[in-house]
Amino acid sequence: MEKTEEKKKNSIEIFWDEFSRSNFLVILLAIFTGIVLGGVLVAITTNEVYEAFRISFWSGLGTAFRTAWNTYVALFTGSVGDLGKIRAAFESGDGLTIRRAINPFFESLVQSTPYIFGGLAVALGFRAGLFNIGVEGQLFIGAVTGVWAGYAISGLPAFIHIPLAMFFGALGGALWGFVPGILKAKTGAHEVITTIMMNYIAFRLVDWLLKVPMHDPNEFTPKTPWIFETAKLPRFFDTPIRFHLGFFIALLMALLVYLLLFKTTWGFELRMVGSNPNAARYAGIKITTATVVAMVLSGALAGMAGANEVLGVNYRLLPAFSSGYGFDSIALALLGKTHPFGVVLSSLLFGFLRNGARSMQLTVGVPIDIVSILQALILAFIAAPAIIRTIYRLRESKTKEDLVSLRSWKG
Amino acid sequence: MVPVLELRGITKRFPGVLANDHIDLIVQQGEIHALLGENGAGKTTLMNILYGLYNPDEGEIFVNGKKMDVHSPIDAIKAGVGMVHQHFMLVPVFTVTENVMLGEEFVKAGGILDREKAADKIRDISNTYNLDIDPDAYISDIPVGMQQRVEIIKLLFREANIIIMDEPTAVLTPQEVEELFKIMHTMIAEGKSIIFITHKLGEVIEIADRITVIRGGKVVGSTTPHEATLNDLAAMMVGRDVNLNVDKTISVPGEVVLAVDNIKVLDPTGTIAVDDISFEVRAGEVLGIAGVQGNGQTELVRAITGLLQPIDGEIRLLGENITRWSPRQITEKGSAHIPEDRQKDGLVLAFPIADNLVLNMYYLEPFSKSIWMDQKQILANGNRLVENFDIRTPNAMTPVSSLSGGNQQKVIVAREFSRPIKFLVASQPTRGLDVGSIEYIHERLMQKRDEGCAILLVSTELDEVMQLSDRIAVIYRGRILDILDAKSATKELVGLLMAGIIPTEEEKQKLVTNKKQILMT
């Protein structure tokens, strides 16, 4: 077919052309639209706004805008820090004041860390055509095996004990991923079903472990003993900043997953299986092996998320230590287009939102749930890029939308 | 005389593409008007506009001299335009009557379906047009050719006068094609007009009264079968001279490369799809497997390539028993496979061309060293093959999904031919391709044969099998009914066997001696 005469375009127009077709712009606009709608939601759930509307339309509108603005300012100061305070703190020169002022930013990074591990776990599964819903369960098991290596093994130097404990965490998660993997490979049992069931087993198993075999006898409530100093992931600053080595381990894992997926023959095989299993069989790949390997690696990454929390933040295992990191990971892996570097970016977004939400609740009284709504809105827009393309009148992407493979859903 | 249908200046733009560029088309009453063009030439777009599925950006449609606005198929049907789609729109568990009535139900008092009245009307139509349809038969019980006639009845039932037939012969056996052509003649004798969409030149010459050729969204010419030759039409369609006859040298068969001994293969539902088949393919020859789709070809190919385990029998490649080997082992032994469904089995559409060109060699040097893929080598290989095999693409990193069917097939051929092979299974190697690509792929296959490669060609296109093969095996319901020498085989004989009819020795002799020069299409 003939192309329509293309007029000569300058480089800026060409750039805009390409950019407006790219998925990256859709993601940015989805986030922006989500934030705007979130602001509207905050406004319409605030009583002051209604009272102001009773006075006059414009004062109502002004109040609505101010409420939304204040909410996002609180979200920003909660997640990045109060810029004025930071400047004042640096001027005062007092160490503790400075650390307090910059703590929100680093705390957001701490919050992001388990998301990176979990998001990588989901993304790796997706790339191999597997929908690993079991990240949360694998994360719990990884936390258990990691914390055990932290408190039960003693007499090791830190440079051995830390990697060993992380490795135990990965091993636990890998085991929890292996079971659905082998079930799928041998019997065809669907991984969505089996990983969900493995989640429940993991939750109850951890409950029992905390109450009986791993229970710290000095405590009334179910808790494990503290881990040894040598197993703790080192922190880079004094209190109150909890920022620790785990963040950089997570970044390293993102790099490794990237190299694995896109630079090695193994990754090529996994992606081929995920993208078109028939062609993979034609090309001589054993689908069953690839499935098991992908579930084991995915589980290992999820396990590291759990180990990271006990070795870097809590130093012991408590019940309900995870606020649903595993489930959020599914969402953010999609947000990051299942690319390891995309996962890092979306994990940072989630981490900053979660951390900011707490102070938002404290300072302006907006419930923490607004952040869940924000996340949901952003994801809904990314899942339905047509909405964003229509609102902003973007052109169709040249290639087909890089749809996330839901092949295993028969979708 | 006012033409029954006139399209004036129809233009349709899709983002970046001009699919129809001021197309004019005049169809007279009682003619079979062939719309000829390669895939992607814009035939289907034009017909979808006429049928109300798309709105044209410019242009007008006149039916019997009256300007018509078509916004949906309902408008089109009201105006007397009907379409037989390439893929039938029938409900298999309904009877013929029920399918025909669907959407146009006759109702008795009290809202009860009046099947008898509809069945009577169908019987009438069937008698008028010699369709030989039983209104009470279930769709799932009748053969494909008859299902197509049900589609035609659906249109006649709604009193359509202009009937669009989109590639109607693609799914038929040669005998069924003959019958369809008779029916088409009856229809025009009854005053109907037919628009016949196709890319098969021989059929156009045989049946059309008038031929309009479309290329690149434009009408490039209009002619009649008396004025134009096959080569003229092909040249108009492709835009350059095309060699329709495969230059075939005499084959010099060497040693046996593939031997299949009494194999039985089950299909996924567990029924026997390949039933006790044996044959040999020698180096430097093409063994063609002719047959209507769904007679066990798929399972036979999958068994030979290691994708499916036979339940009985033995397959030997170059003297080694490969019956239980994995696909990779068989590939490494020097076997190549052009799969019948290129998008399902042969390509990863989301991957770049360069990656698809190493799909079954990525783990070998120089494309990888230990576990690390060598992107430079893969890209270099990609650029080289894109160049050598004339794959039309901006560059080798373009995803295969954005290529046309012909170029996708070239990617597979390039990949399979870029390594030393001794045996090739080519399954439907030119399905859905345009004339230019077919010519190219046929040339490449012949070249491989002459280099001494043993080729098993599986195709439902009888012409293709007749042209390329040195010997022809006809498969019917999982069995090979006969293996013929291509020199003495005729289209009629192979056609009979494809329909499951084994002629007596006497009839066979008659068919062979009567052999006419087969028109290559």
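The values are calculated or read from the model by the stated rules, or taken from the named source; none is laboratory data. Since the model is a prediction, treat every value here as computed from it, not as a measurement. With ideal geometry, Cβ positions are generated from the backbone for all residues, glycine too; neighbour counts draw on all protein chains shown.
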Since residue B:53 meets every condition but one in (1) assigned to a loop (DSSP other than H, G, I, E, B); (2) more than 14 Å from every other protein chain (Cβ to nearest Cβ); (3) buried (at least 20 other Cβ atoms within 10 Å of the Cβ), which condition does it not meet?
-> (3)
Can you name the residue in segment A:86-133 that is charged (D, E, K, R) and at pLDDT 90 or above and is also nearest to the chain's Cα centre (by Cα) among such residues?
-> A:107
One residue from B:133, B:152, B:195, B:214 being part of a helix (DSSP H, G or I), touching a residue at least 12 places away in the same chain (Cβ under 8 Å) and among the β-branched types (Val, Ile, Thr) | B:152
State yes or no: is residue B:465 more than 30 Å from residue B:259 (Cβ to Cβ) and more than 14 Å from chain A (Cβ to nearest Cβ)?
-> no
Inside segment B:23-76, the number of residues satisfying the requirement of being within 25 Å of residue B:201 (Cβ to Cβ), touching an Asp or Glu at 6+ places or on another chain (Cβ under 9 Å) and touching a residue at least 60 places away in the same chain (Cβ under 8 Å) is 18
When the residues of segment B:447-476 are filtered to those that are in contact with a strand residue (DSSP E or B) (Cβ under 8 Å, 6 or more places away or on another chain) and part of a helix (DSSP H, G or I), which remaining residue is surrounded by the most Cβ atoms within 10 Å (Cβ to Cβ)?
-> B:465
Checklist (1) hydrophobic (A, V, I, L, M, F, W, C); (2) within 16 Å of residue B:159 (Cβ to Cβ); (3) at pLDDT 85 or above applied to residue B:96, failing item | (2)
Just wondering, is there one or more residues in segment B:9-30 that are out of contact with any His (no Cβ under 8 Å at 6 or more places or on another chain), away from chain A (no Cβ under 14 Å) and small (Gly, Ala, Ser)?
-> yes
State whether one or more residues within segment A:250-258 are closer than 25 Å to residue B:349 by Cα, under 22 Å from the mean Cα position of the chain (by Cα), in contact (Cβ under 8 Å) with a residue 60 or more places away in the chain and within 14 Å of chain B (Cβ to nearest Cβ).
-> yes
Of all residues in segment B:320-362, how many are charged (D, E, K, R), more than 9 Å from chain A (Cβ to nearest Cβ) and under 25 Å from residue B:442 (Cα atoms)?
-> 3
Criterion: surrounded by 17 or more Cβ atoms within 10 Å (Cβ to Cβ) and either within 14 Å of another protein chain (Cβ to nearest Cβ) or modelled with pLDDT of 90 or more (or both) - qualifying residue of B:213, B:204, B:242, B:256 = B:213
Within segment B:390-403, is there a residue that is more than 14 Å from chain A (Cβ to nearest Cβ) and in a helix (DSSP H, G or I)?
-> no
Condition met for residue B:47 (more than 14 Å from chain A (Cβ to nearest Cβ), within 28 Å of the chain's Cα centre (by Cα) and assigned to a helix (DSSP H, G or I)) | yes
Look at residue B:242 and say whether it is out of contact with any Leu (no Cβ under 9 Å at 6 or more places or on another chain), under 22 Å from residue B:28 (Cβ atoms) and among the hydrophobic types (A, V, I, L, M, F, W, C).
-> no
Does residue B:34 satisfy the condition of being aliphatic (A, V, I, L, M), within 12 Å of chain A (Cβ to nearest Cβ) and under 26 Å from the mean Cα position of the chain (by Cα)?
-> no
Pairs, first under 18 Å from residue A:146 (Cβ atoms) in segment A:201-230, second acidic (Asp, Glu) and surrounded by fewer than 16 Cβ atoms within 10 Å (Cβ to Cβ), C-beta under 8 Å, six or more apart = A:222/A:207
Out of B:403, B:457, sole residue that is of a type in the set (A, V, I, L, M, F, W, C) and either closer than 16 Å to residue B:284 by Cβ or touching a His at 6+ places or on another chain (Cβ under 8 Å) (or both) = B:457
All conditions in (1) within 7 Å of chain A (Cβ to nearest Cβ); (2) surrounded by fewer than 18 Cβ atoms within 10 Å (Cβ to Cβ) are true of residue B:368 except (2)
Counting only helices (runs of 4 or more DSSP H) entirely within segment A:66-157, those with at least 1 residues that are among the charged types (D, E, K, R) and surrounded by 17 or more Cβ atoms within 10 Å (Cβ to Cβ) are A:95-127, A:135-152
Among (1) under 19 Å from residue A:185 (Cβ atoms); (2) of a type outside the set (Val, Ile, Thr); (3) within 14 Å of chain B (Cβ to nearest Cβ); (4) buried (at least 24 other Cβ atoms within 10 Å of the Cβ), where does residue A:284 come up short?
-> (4)
Check A:394, A:377 and return the single one that is within 14 Å of chain B (Cβ to nearest Cβ) and either crowded, with 16+ Cβ neighbours inside 10 Å or under 30 Å from residue A:153 (Cα atoms) (or both).
-> A:394
